[in-house]
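Coordinate-derived values only; no laboratory data. Here the structure is a predicted model, which means the values were calculated and not measured. Here the Cβ positions follow ideal geometry from the backbone for every residue, glycine too, while neighbour counts run over all protein chains shown.
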Amino acid sequence: MSDKNFDLAIIGGGPGGYSAAIRSAQMGKKVALIEKQFLGGVCLNVGCIPTKALLSSTDALDIIKKADTFAIHVEKVSFTLEGMIERKDNIVRDLRKGLEGLLLSNKIQIIKGKGKFLSKNEIEITGQTSEKISAENIIIATGSYPTEIPNIKVDHKKIYNSNSLLCLKKQPKSMVIIGGGYIGCEFASFYTRLGVKVTIIEALPSILYSHGKDLAKLLSGSFKAEGVDLKVATKVLKCEETADGIEVYLDNNEVIKSEIALLAVGRKPLTQDLNLDALNIQMGKQGEIIVDDQMRTSSPNIFAIGDVIGKWMLAHTAVHEALVAVDTIHGIESKMDFSAVPAVIFTKPEIAIVGLTPDKAKEKNMDVEIAKFPFTALGKAHALSEKKGFVDVVIDKKTKIILGAQAIGPSASILIAEMGLAITNKLTANAVIDTIHAHPTLPESWQEALLITLNRPLNFPPNLKL
Ligand code: FAD
Ligand code: NAI
């Protein structure tokens, strides 16, 4: 095989692409990974990692601010947004360097440049590198880009998207966030805790609307208590720049003045410039690439994974899809199952969901029980002074199999893993109850919630419904 011929070529070096490359190289295959910008993709460079690095700074700030609660007296607290951004940049730089080393140690050929199909087995790379390569199989892992809307020009000076906002070093006094989804809520949680006046404009009846009423209500209450102005069921008509900021015109005739705005109204699959039309690859209405449950496109040797298939735009689904695609390519039977995808919104309080939500179960008229347990009844939550929030579990009434779970409150992002394991393995309420959970810990909340469904609560009054 010549230097230009590969077993597998992957276009896009985000979590989907680089995981596929590593897995295939582990199987002894000759792999090329084509990346036009930065290894690690959106997730490492302008997504998961940088946002969570910044949110960790405000989590630390929160604890310092409420030091008195822990009987600790702190004299003076100071911080700068610039310092937090520099910390975030250092974390991203270190991880990116580590990733490049990891790929090279797996003998993956990294090709820096933009990939485009010439035929179903050939790719042309332009930009930093100019070459043509061929591969038996190809995976498209090109990710997604931020959606824009009419009358709002993202100029990255007053009106930002999530990419450019992550570079802003001067703390604004006020910010309008258009879109109360994942990005809008996480940035609102960060900026409001820095002391910025935040307004969220959300077109649907609540923020995080698709995550159900209970979670949205609790997060909305927390945001309001921190001073976030929430305008739901409201649309933005246009934004106009003024000498000292912007004016945001709403469909309820209100005009909001603010220093800057963030546009966060969703993301779209990135498929332009790949020359997919020439290959007759089947696409959906939103520009997503259609795949089967083995991640195969309508062209049998071409696979697509991650944000570009427009299903769950999350890093861990991209990684899982990568493993399914590579297994399939190498003849190992594998299918993608979306029934237990965890999703976490890293706000304060954190929100995490996996599997069937109570609202979806009701909507589908399913015969389920919903077990809810509040953190206020849990010893560890008191020790942490984090008593707000709850967990709930959806179980099948007849079989007692766990179908879904949600958590809002301390360490929800960590808590949800146990329920992901339970749902993936079709465990019953008893399997969790019979597992000895250390005390005092937050995961005891799952046991307590499930005990309620069996009418044998230990740390909750009998027959009390939440
Ligand atoms: P990407 O990570 O987008 O990578 C695609 C790569 O392909 C990019 O590097 C791009 O440069 C490259 N590329 C594109 N076209 C070409 C081409 N023609 N040639 C060569 N290279 C090309 N998800 C979570 O699970 N948890 C989180 O906490 C989280 N936080 C997020 C926060 C923000 C602000 C954003 C925007 C997203 C967040 N996400 C999070 C979503 C997550 O980042 C994505 O789901 C994930 O990055 C998708 O991975 P991917 O491999 O499909 O694509
Ligand atoms: P989103 O789909 O989560 O939220 C967009 C919101 O904007 C929706 O609530 C929508 O109703 C609203 N909206 C749309 N048009 C509007 C308009 N004209 N005016 C007002 N509101 C409008 O998309 P978001 O927040 O941009 O994030 C994109 C994706 O990135 C997410 O869906 C998620 O997959 C991923 N992500 C994941 C994170 C995580 O896992 N913690 C964090 C951040 C992003």
Report summary line: Ranked output for segments 402-412, 296-306 by mean other Cβ atoms within 10 Å, highest leading, reads 402-412, 296-306
Report task. Quick one: compute the contact order of the chain, relative version, from alpha carbon pairs under 8 angstrom and 6+ residues apart, as a percent. Result -> 13
Report task. Let me know the shape class of the chain, please: from the alpha-carbon gyration tensor, a ≥ b ≥ c as square roots of the eigenvalues, rounded when a/c is under 1.5, otherwise prolate if a/b is greater than b/c, or oblate. Result -> oblate
Query raised in the report: Relative contact order for the stretch 310-386: what is it in percent, counting Cα pairs under 8 Å that are at least 6 residues apart?
Result: 14
Report summary line: Phi-derived 3J(HN,Hα) across the stretch 357-370 with the Karplus relation (6.51, -1.76, 1.60, θ = phi - 60°), rounded Hz, x for Gly and Pro, is 8, x, 5, 5, 4, 5, 3, 8, 6, 8, 8, 10, 10, 10
Query raised in the report: Which ³J(HN,Hα) values, rounded to whole Hz and listed in residue order, are derived for the stretch 240-251 from phi using the Karplus coefficients 6.51, -1.76 and 1.60 in 6.51 cos²θ - 1.76 cosθ + 1.60 with θ = phi - 60°, glycine and proline given as x?
Result: 10, 7, 10, 4, 10, x, 9, 10, 10, 9, 9, 6
Report summary line: Going from the fewest other Cβ atoms within 10 Å to the most, one would list GLU100, GLU131 as GLU131, GLU100
Query raised in the report: Fully extended, how many nm does the chain gain between ILE414 and VAL74 (0.36 nm per residue separation, minus their Cα-Cα distance)?
Result: 119.5 nm
Query raised in the report: Long-range amide H contacts for LYS197: which residues qualify at under 5 Å (H placed 1.01 Å from N, peptide plane, sequence gap of 5 or more or a different chain)?
Result: SER174, MET175
Query raised in the report: Quick one: what does P(r) look like for the stretch 159-265 with 5 Å bins over all Cα pairs, in whole %?
Result: 2, 13, 25, 26, 20, 10, 3, 1, 0
Query raised in the report: Using only helices, what value at 222 nm comes out for the chain when you add -39,500 (n - 2.57) per DSSP H run of length 4 or more and divide by the total residues, to the nearest 500 deg cm²/dmol?
Result: -9500 deg cm²/dmol
Query raised in the report: Whose amide H sits under 5 Å from the amide H of SER298, counting only residues 5 or more places off or on another chain, with H placed in the peptide plane?
Result: GLN282
Requested in this report: Could you list which residues have their amide H under 5 Å from that of LYS268, counting only those 5 or more apart in sequence or on another chain, with H placed in the peptide plane?
Outcome: TYR145, THR147
Report task. Just order 245-251, 87-93 by mean Cβ neighbour count inside 10 Å, highest at the front, would you? Result -> 245-251, 87-93
Report task. Could you tell me whether the stretch 185-243 comes out rounded, prolate or oblate from its Cα gyration tensor? Rule is a ≥ b ≥ c as square roots of the eigenvalues, rounded for a/c under 1.5, then prolate if a/b exceeds b/c, otherwise oblate. Result -> oblate
Report summary line: In whole angstrom, the spacing between the Cα centers of the stretch 200-266 and the stretch 393-408 equals 33
Query raised in the report: Quick one: Karplus J couplings for the stretch 404-412, per residue in order, coefficients 6.51, -1.76, 1.60, θ = phi - 60°, nearest Hz, x for Gly and Pro?
Result: x, 7, 9, 9, 9, x, x, 6, 4
Query - Alpha-carbon centroid distance for the pair the stretch 152-186 / the stretch 315-384, whole angstrom - result: 28
Requested in this report: Compute the Cα gyration tensor for the stretch 272-351, then decide on rounded, prolate or oblate, letting a ≥ b ≥ c be the square roots of its eigenvalues: rounded whenever a/c is under 1.5, prolate when a/b is larger than b/c in the other cases, and oblate in all that remain.
Outcome: oblate
